[in-house]
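Asker: Just dropping this structure here.
The values are calculated or read from the model by the stated rules, or taken from the named source; none is laboratory data. As the structure is a prediction and not an experimental result, all values here were calculated from the model. Cβ placement follows ideal geometry from the backbone for every residue including glycine, while neighbour counts extend to all protein chains displayed. Side chains included, ligands, DNA and RNA excluded: accessible areas come from the protein's heavy atoms. Shrake-Rupley method; radii C 1.70, N 1.55, O 1.52, S 1.80 Å.
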Amino acid sequence: GVKLLLHGLCSNTTVKSLDLKGNNLRTVGAEALGKLLRQNKSIRSLILEWNSLGVWEEGFSFFCQGLGANNFLQRLDLRNNQINHQGAGELAMALKQNTSLQELDLRWNNIGLLGGRALLNCLHSNKTLKRLELAGNNVPSDILKAVEQATDHNQDRQTILRETQNRAHILSKEVLSLKDEKTKQFLDLMDTIDKQREEIARSGSQLQEALDEQHSIMNSLKAKLQMTEAALALSEQKVHNLGELLNATKQEQTSMAECHFTELQQQKQEGADREGKLLRDLSAASEKNLLLRNQVDELEKKCKVQQDQLFQVKQDLTNTTAELKLRAVQAEERLEMEKRRFKQSLEDVESLRLKEVDHMTQHIEASERSMQDRIQRLEAIRMALEEELSQVKAAALTERGQAEEELLKARNQARLEEQQRLEHLEEKLRLMTESRDEAQNCCLKQKQMVAEAQAKANQLSLHAEGLRRRLEELQQDLNSKEEEKVTEVNKVKVELQEQIGHLQAERTVQGGLREKIAALERQLKAVSSNHREALLDKEGEISMLLEKLRMKEADISRMREEEAQRASFLQNAIMAYVQGSPLGTHSSRK
């Protein structure tokens with residue numbers, strides 16, 4: 001039954017404790033136990049009390065071989081199993097190979113002196129056995145004390161090893177946790193740095209693109225300004241040429257009027273008065289223009305003040321963004337919204353500017369066309385006037401011989417015609433002045449447009465400077481963050497070096513403890529060797545004393561035999577003497 005039970009337990013992985021106390025196990029059971037110990041890896045406690053395993057030498061040797069091959073059993077109870085010194089020797093050989101057994105109970109067996117020595121010798125190589133019970137085995141007390149010292153030494157050694165292993169395990173866990181934390185922190189820092197670098201690169205690229213677009217817009221605006229200035233210069237030259245033509249026509253007209261009509265001086269004076277009035281009107285218009293210019297300057301000053309205020313507000317915004325680094329994401333979103341708005345505003349400004357430029361070009365073309373039409377009309381009028389003057393001269397030359405009445409009629413007609421012509425010329429002058437005023441107003445509007453474009457260009461330049469400052473601030477923030485990260489990495493390195501130094505110090509301490517343990521083991525070996533020598537000497541003395549005792553006992557027994565023989569001889573002699581003496585006869589008679 002035990003064989004079947006143990007055969008089934010060979011492949012079992014859940015049973016931790018097995019109690020077979022008082023089952024009268026024999027050779028087959030001992031062999032089955034050895035096989036169980038070889039194959040089973042889960043049993044930690046085995047109780048075999050009152051089984052008389054030591055009687056069956058072959059089975060017990062097989063059991064000891066299985067015990068030597070087992071590295072999982074921790075407690076073994078072999079009380080009252082009639083184990084002699086040979087079985088103890090086999091157990092000692094098994095314990096030299098075993099590295100897991102911690103408790104062994106061998107009480108109430110027949111181990112004796114030789115078995116105790118074998119077990120004591122095996123404890124020099126076995127470092128795991130912490131408890132060995134040898135009471136009731138006729139083992140000398142000095143061997144029992146040596147066994148207790150060896151087991152205590154093993155127990156202390158195991159406790160020290162456990163403490164060192166626990167400390168090393170804890171330190172390794174702490175080191176691993178610190179390494180993991182530091183690596184996580186470092187990776188998080190590197191990720192944040194990479195993200196910030198990517199964001200800064202993106203923002204920088206976007207800002208660079210915006211700056212490039214602004215530069216291209218500025219260049220296009222400058223080119224368009226140059227084109228408008230050239231167009232303005234051309235228009236001014238045309239206006240100047242028209243003025244010169246007007247002055248020439250005026251001089252011709254005045255010369256013709258002075259030559260032919262001296263009577264029209266009064267009318268010319270009236271025309272001069274009218275011209276004075278017109279000049280006064282022009283002066284008033286110029287004063288109005290000056291007032292308008294002053295208003296424009298005031299408006300420009302207000303715009304500059306507003307721009308300064310905007311610049312201060314932008315500076316305040318930049319300072320607040322620098323102070324509120326935690327809201328960097330919102331600031332970046334705001335920047336993106338501002339960029340979009342700025343792009344939209346730029347697109348609106350460009351569309352408005354294109355519309356205004358188209359309107360101005362159309363207006364200038366229309367004015368040029370109207371001026372050309374007027375010039376053609378004036379030239380046609382001048383040719384008509386010249387033809388009329390030639391006709392008048394011819395008529396005057398042909399009709400001088402005629403009557404003075406016709407001259408008077410001609411003078412009256414000439415006066416009427418001259419009045420009509422003067423009125424027509426005044427109307428033309430008025431139209432020319434109006435066209436000049438319109439041209440001047442167009443020039444002023446164009447100048448205002450140029451000033452507005454310059455103001456927008458200044459605003460764009462200020463915005464570009466603000467963006468550059470923002471880039472510089474971001475670069476400074478990056479540099480500061482990189483420096484902080486470098487300092488943190490250096491701190492982590494210093495902490496790791498300190499921990500490594502502590503670990504090395506603990507290793508040195510453990511090495512010192514190991515050296516002390518080795519020295520103590522050497523001392524124990526020396527003490528045990530001396531103790532063995534003393535024991536051997538004492539055993540020799542004891543054997544000599546036993547031989548002497550045996551000799552003395554033999555002498556005493558021999559002397560007792562001799563004394564007994566002497567006593568018998570004396571008794572026989574006394575009895576013979578008593579029988580031969582008269583007292584003996586008298587006593588026999590009675």
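Asker: What about residue 100, is it over 13 Å from residue 34 (Cβ atoms) and touching a Leu at 6+ places or on another chain (Cβ under 7 Å)? So that I can check it myself, show each step before the final result.
Answerer: Details: over 13 Å from residue 34 (Cβ atoms): yes; touching a Leu at 6+ places or on another chain (Cβ under 7 Å): yes.
Yes: the conditions hold for residue 100.
Asker: All but one of (1) of a type in the set (D, E, K, R); (2) more than 25 Å from residue 315 (Cβ to Cβ); (3) touching a Ser or Thr at 6+ places or on another chain (Cβ under 8 Å) hold for residue 473; which doesn't?
Answerer: It is condition (2) that residue 473 fails.
Asker: Would you mind finding the one in 148, 229 that is open to solvent by 70 Å² or more (accessible area, probe 1.4 Å), in a helix (DSSP H, G or I) and touching a strand residue (DSSP E or B) at 6+ places or on another chain (Cβ under 9 Å)? Walk me through it before giving the result.
Answerer: Numbers: 229 fails: touching a strand residue (DSSP E or B) at 6+ places or on another chain (Cβ under 9 Å).
Criteria check complete, one pass: 148.
Asker: Still on this structure, I have one more. Please go through region 1-49 and give me each residue that is part of a helix (DSSP H, G or I) and acidic (Asp, Glu), ordered by number. Before you say what the answer is, go through the steps one by one.
Answerer: Here is the first cut: in region 1-49, the residues part of a helix (DSSP H, G or I) are 2-9, 27-39.
Correct list: 31 only.
Asker: So which pairs qualify, if the first residue must be in region 46-67 and more than 15 Å from residue 23 (Cβ to Cβ), the second must be open to solvent by 30 Å² or more (accessible area, probe 1.4 Å) and of a type in the set (A, V, I, L, M), the Cβ gap must be under 9 Å, and the two must be at least 6 apart or on different chains?
Answerer: The qualifying pairs are 64/93; 65/93.
Asker: Sticking with this one: Taking the criterion of being assigned to a helix (DSSP H, G or I), surrounded by 13 or more Cβ atoms within 10 Å (Cβ to Cβ) and among the small types (Gly, Ala, Ser), would at least one residue in region 375-384 satisfy it?
Answerer: Restricting attention to region 375-384, the residues satisfying the condition of being assigned to a helix (DSSP H, G or I) are 375-384.
In the following step, the residues that additionally are surrounded by 13 or more Cβ atoms within 10 Å (Cβ to Cβ) were identified as 375, 378, 381-382.
Narrowing the set further to residues that are among the small types (Gly, Ala, Ser) leaves none.
Looking through region 375-384, none of the residues is assigned to a helix (DSSP H, G or I), surrounded by 13 or more Cβ atoms within 10 Å (Cβ to Cβ) and among the small types (Gly, Ala, Ser).
Asker: Residue check: is residue 570 closer than 30 Å to residue 122 by Cα, open to solvent by 50 Å² or more (accessible area, probe 1.4 Å) and not basic (Lys, Arg)? Working first, answer last.
Answerer: Working: closer than 30 Å to residue 122 by Cα: no; open to solvent by 50 Å² or more (accessible area, probe 1.4 Å): yes; not basic (Lys, Arg): yes.
It is false that residue 570 is closer than 30 Å to residue 122 by Cα, open to solvent by 50 Å² or more (accessible area, probe 1.4 Å) and not basic (Lys, Arg).
Asker: Now, a different point. Just checking, how many residues over region 508-520 are open to solvent by 50 Å² or more (accessible area, probe 1.4 Å) and not aliphatic (A, V, I, L, M)?
Answerer: Going through region 508-520 one residue at a time, the tally reaches 4.
Asker: Can I ask one more? Which one is farthest from residue 469 (Cα to Cα) among residues in region 183-201 that are at pLDDT 80 or above and basic (Lys, Arg)?
Answerer: Going through the qualifying residues, I end up with 184.
Asker: Let me ask something else about it. Go through the residues of region 474-482 one by one and say whether even a single one is open to solvent by 40 Å² or more (accessible area, probe 1.4 Å), within 30 Å of residue 174 (Cβ to Cβ) and not hydrophobic (A, V, I, L, M, F, W, C).
Answerer: yes
Asker: Could you check how many residues of region 50-76 are in a loop (DSSP other than H, G, I, E, B), in contact with a helix residue (DSSP H, G or I) (Cβ under 8 Å, 6 or more places away or on another chain) and under 24 Å from residue 123 (Cα atoms)?
Answerer: From region 50-76, those in a loop (DSSP other than H, G, I, E, B) are 50-52, 56, 70-74; that's our starting set.
Retained after the next criterion (residues that are in contact with a helix residue (DSSP H, G or I) (Cβ under 8 Å, 6 or more places away or on another chain)): 51, 56, 70, 73.
Within this subset, residues satisfying the condition of being under 24 Å from residue 123 (Cα atoms) are 70, 73.
Total meeting the criteria: 2.
Quick grid of which residues meet (1) open to solvent by 100 Å² or more (accessible area, probe 1.4 Å); (2) under 25 Å from residue 180 (Cβ atoms); (3) touching a strand residue (DSSP E or B) at 6+ places or on another chain (Cβ under 6 Å):
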residue: 463; (1), (2), (3): no, no, no
residue: 490; (1), (2), (3): no, yes, no
residue: 535; (1), (2), (3): no, no, no
residue: 553; (1), (2), (3): yes, no, no
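Asker: Those residues that are open to solvent by 100 Å² or more (accessible area, probe 1.4 Å) and touching a helix residue (DSSP H, G or I) at 6+ places or on another chain (Cβ under 9 Å), I need them from region 494-506; list them, please.
Answerer: Of the residues in region 494-506, the ones open to solvent by 100 Å² or more (accessible area, probe 1.4 Å) are 497-498, 502, 504.
502, the sole residue that qualifies.
Asker: Kindly indicate whether any position in region 410-430 is in a helix (DSSP H, G or I), open to solvent by 70 Å² or more (accessible area, probe 1.4 Å), farther than 26 Å from residue 281 by Cα and of a type in the set (A, V, I, L, M). I'd like the intermediate steps shown before the answer.
Answerer: Going residue by residue through region 410-430, those that are in a helix (DSSP H, G or I) are 410-430.
Going one step further and asking which of them are open to solvent by 70 Å² or more (accessible area, probe 1.4 Å), we end up with 411-413, 415-417, 419-420, 423-424, 427, 430.
Cutting the leftovers down to farther than 26 Å from residue 281 by Cα gives us 411-413, 415-417.
Next cut, of a type in the set (A, V, I, L, M) only: 416.
Checking region 410-430: at least one residue is in a helix (DSSP H, G or I), open to solvent by 70 Å² or more (accessible area, probe 1.4 Å), farther than 26 Å from residue 281 by Cα and of a type in the set (A, V, I, L, M).
Asker: Does any residue in region 381-396 that is more than 17 Å from residue 423 (Cα to Cα) come within less than 8 Å, Cβ to Cβ, of a residue that is surrounded by 13 or more Cβ atoms within 10 Å (Cβ to Cβ) and among the hydrophobic types (A, V, I, L, M, F, W, C) six or more places away or on a different chain, and which pairs are these?
Answerer: 389/256; 392/414; 395/410; 396/410
Asker: Can you tell me which residue in region 169-191 is farthest from residue 542 (Cα to Cα), limited to those that are open to solvent by less than 60 Å² (accessible area, probe 1.4 Å) and either free of Cβ contacts under 8 Å to residues at least 24 places away in the same chain or not in a helix (DSSP H, G or I) (or both)? Can you show your working first?
Answerer: Taking region 169-191 as the starting set, the residues that turn out to be open to solvent by less than 60 Å² (accessible area, probe 1.4 Å) are 171-172, 175, 177-178, 182, 189.
Keeping just the survivors that are either free of Cβ contacts under 8 Å to residues at least 24 places away in the same chain or not in a helix (DSSP H, G or I) (or both) gives 172, 177.
Values: 172: 57, 177: 65 Å.
Out of the qualifying residues, it is 177.
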